Amino acid sequence: MSTLILLRYAAVAIVLAAVATAQSAAQQLSPAAPPTPSSLPTPLMGWNPFNAFGQNYDEHSIDDAAQQLVALGLRDLGYRFVDIDDSWWLRREPETMAIRTNLYPSARQAHGTTSFRPLVQRLHSMGLKAGIYTDIGRNTCSQRWEKTANMPEGTQAQREVGSFGHQQADAHLFFSEWGFDLVKIDACGVADYTSAAAVVRGGTFRAFEPPLIVRGKPAESKPEDLASLYASFWRSAVNATSEHLPIVSICAWGEDDVNDWGSRSGQMWRTSYDVKANWKSVLYNFDSAAPRSLFAGPGRWNDPDLLEVGNGEFDKDHLTEARAHMSMWAVIAAPLIISTDLRKVSPAILDILRNPEVLAVDQDPAGNQGVILSQAQDGETVVKTLSHPGTKAVALINRSDHPLTLSLGLSEIHLSSQAPVMVRDVWRGTSTRLQGATITVQLMPKETALLRVEGTPLENKATFPDEMPARIRVLEDGFKPNDRTPDRQWVPARIGFLPYGEPILHENRQDTSAIGVAAGSRIQIDLHGDFKRIELTPRAMSSAVGTYSIFADGKPIQTRSANGRATVLHVEHVQTLELVAPAGGPDHTSFAWAQLRFER
């Protein structure tokens, strides 16, 4: 493929094995989703030891990383969180947790007690923040999957160092007594300790049954119960500290519909399994988060996992891939958590991690996650609307191992070709005035061009969904197929595509101003009184039409048959708009709010 001609697709027929009955669109609305737990206005940045050291790190490793963050200027660029991951514990005691002092000598206190307070205070004195790790179940991922000498010791009960049954006590310990700012909460304890596991059959651990996560089998999982556990920990964490709201990082790997409930119990949630230091894994994790722009925004972030920049296929000998990895995470507003050995980092890798223009894309205060504009074969274009008017961050991604030329029309990103347009390559540090109406980039294998494009809006008073995803929130998913696994992505609401990834077409071109949703879904758009009028075309995606409903500030303003006709909403002074799709059925599992435009 020589150019990026990505707006023509053939519709793909999807046959679903099971159909859930969705809530009727005309049914009375349930209460709105709870507010975001904490502001965390931009994605978190920091350092974590896991990808650099696995389980083989200690207090010296943490101290060295903290010192390097300061000395290398990374702290001042925003990398402020320093995390302790798995394998810090010795055993659970009746009123506290004993720390493994052979790894953390400063934790040794008088009278045989232990505390992380000295380490946390040291990090705070350096202008850094501190994070710790636990599991939502009784036991942890390392106890199930790792073979190291640093495992919890003692009786079966003492080795149950996860938070299950101890949420209140652990939250008080982490945040109040020890002073941590963040906790990462894994989920192996509720997934991998069934009676069939060898470590359970042998009596090493108690069974956790029924499991709340059955990996790859959502119909057998229990998302409501898992959400309840995380919510319980969140409430305990809030009650444990009066100085600031805690940061909770949810690690359920994209299982159990975590994007439904994650923002009620934390500020970031994993969308996939652990990333590895190879190209295939990074693409997989990127793909788990990139379609979910409507689930992200200030205080609620999709997390495709730690950065592998500096490791494996992203080390100093693979700088093209390292820049691509960093670009992909930045354009989708992912948390930027370094996980390489900073004592050995090369100058070239350090330049990638410290590029201020790339970090500015990730940390842009508008809080928009980049939206996938187009996908075709090996090329992908993701566009993130930035806070400065008329400014976009554009990632042109070559996913393949051969050269590729990609092109993007200015009209596709709502910019005028009749006014000057400046294109800045943030990796090369070069700016050019665009000649014509198309941006064209020649890419090396596995290269991503990250561009900052500044121009004049094509329509001065119009805004489109891809320019304001942070204002859009999914309140109810609606229909959920049984094969919605990490390998078989079902995204309940996304811009320009239906939930399984088929592009929404209008006159044989992709309608990039449409929001594709699951049948029976409910989405909220924060208007904040900024708009006077909205145009949209509610479209049934099958012969079954159904009835949709629209609410303004909680009051119904339109309930009609989804006949594909354009409609106009007068919304002056309206704060929130809710769009409720028709209920699902055997042959109508998705719906589209097409040709959406918001006029000021």
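Nothing in this text is a laboratory measurement; each read-out follows from the coordinates by a stated rule. Predicted model only: the values in this text are computed from it and were never measured. Here the Cβ is made from the backbone with ideal geometry for all residues, glycine too, and neighbour counts use every protein chain on show.
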At what distance in nm do the modelled label points of residue 320 and residue 528 sit from each other, each positioned 7 Å from its Cα along Cα→Cβ?
4.1
Identify all aspartates and glutamates with a Cα-Cα distance to residue 392 below 17 Å; exclude those on the same chain that are fewer than 8 residues away in sequence.
357, 362, 364, 380, 412, 425, 454, 459, 466, 467
Cross-link pairs 129/184; 184/316; 129/384 - those with Cα-Cα distance over 20 Å
184/316; 129/384
Per the rule of 0.36 nm per residue minus the C-alpha distance, extending residue 147 to residue 351 adds in nm 69.9 nm
Using the number of other C-beta atoms within 10 angstrom as an exposure proxy, rank 352, 338 with the fewest first.
352, 338
Taking neighbour counts of Cβ atoms within 10 Å as a proxy for exposure, in what order, fewest first, do 85, 378 appear?
378, 85
In sequence order, what are the phi-derived ³J(HN,Hα) couplings for region 237-244 according to the Karplus relation 6.51 cos²θ - 1.76 cosθ + 1.60 with θ = phi - 60°, rounded to whole Hz, with x for glycine and proline?
5, 5, 6, 7, 9, 10, 6, 7
How about residue 217: which aspartates and glutamates have a C-alpha closer than 13 Å to its C-alpha, ignoring those fewer than 8 places off in the same chain?
255, 256, 257, 483, 487
Net charge near residue 134 (other residues with Cβ under 10 Å of its Cβ; Lys, Arg +1; Asp, Glu -1) is -3
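Determine the calculated [θ] at 222 nm for the chain from helices alone, applying -39500 (n - 2.57) to every DSSP H run no shorter than 4 residues and normalising by the residue count; nearest 500 deg cm²/dmol.
My calculation for the chain gives -4500 deg cm²/dmol from helical runs alone.
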Can you return the lysines within cross-link range of residue 222? Criterion is Cα-Cα under 18 Å, with same-chain partners fewer than 8 residues away left out.
480
Taking the beta-carbon count within 10 Å as an exposure proxy, list 248, 361 from fewest neighbours to most.
248, 361
Inter-centroid distance (Cα atoms) of region 565-595 relative to region 65-126, Å:
49
Name every cysteine in the chain that ends up alone, with no second cysteine's Cβ under 4.7 Å, or say none.
251
Selection from 283, 295, 188 lying farthest towards where the dipole of the chain points positive, charges on Cβ:
295
Calculate the spin-label point distance for residue 102 paired with residue 422, positioning each point 7 Å from the Cα along the beta-carbon direction, and give it in nanometres.
5.9
Among 118, 218, 409, the residue whose Cα sits farthest towards the positive end of the charge dipole of the chain, when +1 is placed on the Cβ of each Lys and Arg and -1 on the Cβ of each Asp and Glu, is 409
Work out the charge dipole of the chain with +1 on the Cβ of Lys and Arg and -1 on the Cβ of Asp and Glu about the Cα centre, then indicate which of 154, 72, 436 is farthest towards its positive end.
436
